[in-house]
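A quick write-up on the structure given underneath.
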Amino acid sequence: MAYRAGCFGNKDIARGEEGSSLVEMALSYSILFILLFCVMETCLAFYSQHMISEAARGGARYAMVHGSSCTTSTGSSCTLGSAQINTFVTGLVSPNIAGGTMSANTTYPNGNENVGSEVQVQVTYTFKVTMPFVPKDTITLTSTSKVPILR
């Protein structure tokens with residue numbers, strides 16, 4: 001049986017498109033992976049914000065029960081200063097998967113650690129941005145918690 005060009009189309013035209021689907025797939029996948037990693041980085045930033053918010057609240061709760069009138073069951077003092085509370089807060093953040101740096105700052109807005117006064121814990125976290133096409137290398141995340149001292 002003889003080959004007729006009119007029945008099956010021109011094979012020379014089809015040969016010029018060989019490999020085009022591979023190029024299209026490579027371009028599509030590269031854009032898809034960039035978007036996927038940007039979404040993952042954004043989720044990591046939201047996780048980090050949640051992490052420092054919990055650390056600030058936990059530090060404020062810890063500080064509100066360790067005021068100037070805090071005593072143990074044996075009668076000894078359990079009062080903590082700002083440095084001990086800051087150390088406690090930085091210890092609360094265990095899985096630092098974002099690789100940033102965190103600092104805590106404990107202050108007493110009323111000027112004392114007496115019952116009824118307020119304690120404020122502020123946590124600052126420097127989040128490293130690794131997304132492509134983002135002009136900033138770091139983003140500073142901050143969370144503050146203020147509560148009254150109970151004992």
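The values are calculated or read from the model by the stated rules, or taken from the named source; none is laboratory data. Keep in mind that this is a model prediction, so the values were computed, not measured. For neighbour counting, all protein chains shown are included, and Cβ atoms are generated from backbone atoms with ideal geometry for every residue, glycine included.
A compact table of results
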{"item": "Residue in segment 118-133 that is farthest from K146 (Cα to Cα), counting only those that are at pLDDT 90 or above and not aromatic (F, W, Y)", "result": "T126"}
{"item": "Residue, surrounded by the fewest Cβ atoms within 10 Å (Cβ to Cβ), within segment 103-119, restricted to residues that are part of a strand (DSSP E or B) and out of contact with any helix residue (DSSP H, G or I) (no Cβ under 6 Å at 6 or more places or on another chain)", "result": "S103"}
{"item": "Residue within segment 36-55 that is under 30 Å from P148 (Cα atoms), in contact (Cβ under 8 Å) with a residue 12 or more places away in the chain, outside any loop (DSSP other than H, G, I, E, B) and touching a Ser or Thr at 6+ places or on another chain (Cβ under 6 Å) present", "result": "yes"}
{"item": "Test: residue in segment 120-137 that is part of a strand (DSSP E or B) and in contact with a Phe, Trp or Tyr (Cβ under 6 Å, 6 or more places away or on another chain)", "result": "no"}
{"item": "Residue in segment 123-147 that is nearest to M51 (Cα to Cα), counting only those that are surrounded by 13 or more Cβ atoms within 10 Å (Cβ to Cβ) and more than 16 Å from the chain's Cα centre (by Cα)", "result": "S145"}
{"item": "When residues of segment 59-101 are limited to those that are assigned to a helix (DSSP H, G or I) and touching a helix residue (DSSP H, G or I) at 6+ places or on another chain (Cβ under 6 Å), the one farthest from L44 (Cα to Cα)", "result": "A63"}
